[in-house]
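The values are calculated or read from the model by the stated rules, or taken from the named source; none is laboratory data. Keep in mind that this is a model prediction, so the values were computed, not measured. FYI the Cβ positions are ideal-geometry reconstructions off the backbone, even for glycines, and counts take in every protein chain you see.
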Amino acid sequence: MSDVPTVLVTVWSLGGEVLCQVRVPQEITLQQLKGTIGQAAQCHVTRADHLCCGAETWKDLLSRPLMQLSDQVEVTWVKKEELQEGDELFYCGPSMASNSLVERGAVCTLRGGSNSHRDYTLVFFPQANTSLVVHRLHLSRSPPNAVPLPAGCDVGETFFYCGPLRRIGGRVLTPGARGEVVEAGLLEGSLRLRFQGFGFTLFSVEMQNLSKEAPRGCCSSIPWSFFLQALQQCAACAAYLCGRWRGL
């Protein structure tokens, strides 16, 4: 058994509710203690939050507040509304695509920085290894609740697109395209899917425009770019023949 002295910390809310109990090394820093409490309570403890023990308020993140305390201690967690650079939070908005996919519920770190609007802030997503500007209302201390999918649908399930042509960044989503369900759509009765050939771009599609089977007459295995290139070649050939004919 380890001879490292430990302390049992009981964490209370301002409302008198026991949030969690953690047993930690006596030499733990305040920053490490906040992280441990956050994991146990499934709710991030921010840098601005205070942990109060009796009449004392612990603020210095590098301090070791348990060193002079007994085997058991009770602290009160005082949550602060403001967020500070370096706080770990959960992203609770719709999934986003940049160089990689950032999904709802992803852990992120507040980077701060100046933005064109005070309600937006820069955050870093370590799993996706990317930084994005997001709305502050899409940041939460606690993991977001899962948004239910339309009946009969599961994440990872495959559907075929059977709606009208949709143009995104010079590319066209055509009937017969195969997509994988990522999450519930932004509108009721819709899904957000990732389609082959569009990288991490997500499409929100209503269920009426999705099918379990490929639409009849669709060549879904042939990319749309193939048809565009064929049309361009035909146009070039026609222009060449017209030029030859005029020269005769």
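Listed values, structure above:
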{"read-out": "Of all residues making up segment 46-88, the number that are in contact with a Ser or Thr (Cβ under 9 Å, 6 or more places away or on another chain), under 19 Å from Glu17 (Cα atoms) and surrounded by 14 or more Cβ atoms within 10 Å (Cβ to Cβ)", "value": "9"}
{"read-out": "Residue in segment 115-129 that is in contact with a Lys or Arg (Cβ under 7 Å, 6 or more places away or on another chain), exposed (fewer than 11 other Cβ atoms within 10 Å of the Cβ) and not assigned by TED's automatic domain parsing to the domain that holds Thr46 present", "value": "yes"}
{"read-out": "Test: residue in segment 113-132 that is part of a strand (DSSP E or B), out of contact with any Gly (no Cβ under 7 Å at 6 or more places or on another chain) and under 22 Å from Gly15 (Cβ atoms)", "value": "no"}
{"read-out": "Failed criterion for Leu69 (all others in (1) free of Cβ contacts under 8 Å to residues at least 60 places away in the same chain; (2) more than 30 Å from Val181 (Cβ to Cβ) hold)", "value": "(1)"}
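Here's the yes/no breakdown for (1) touching a Leu at 6+ places or on another chain (Cβ under 8 Å); (2) farther than 20 Å from Val182 by Cα; (3) modelled with pLDDT of 85 or more:
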{"site": "Val73", "(1), (2), (3)": "yes, yes, yes"}
{"site": "Glu81", "(1), (2), (3)": "no, yes, no"}
{"site": "Ala97", "(1), (2), (3)": "yes, no, no"}
{"site": "Gly112", "(1), (2), (3)": "yes, yes, no"}
{"site": "Arg118", "(1), (2), (3)": "no, yes, no"}
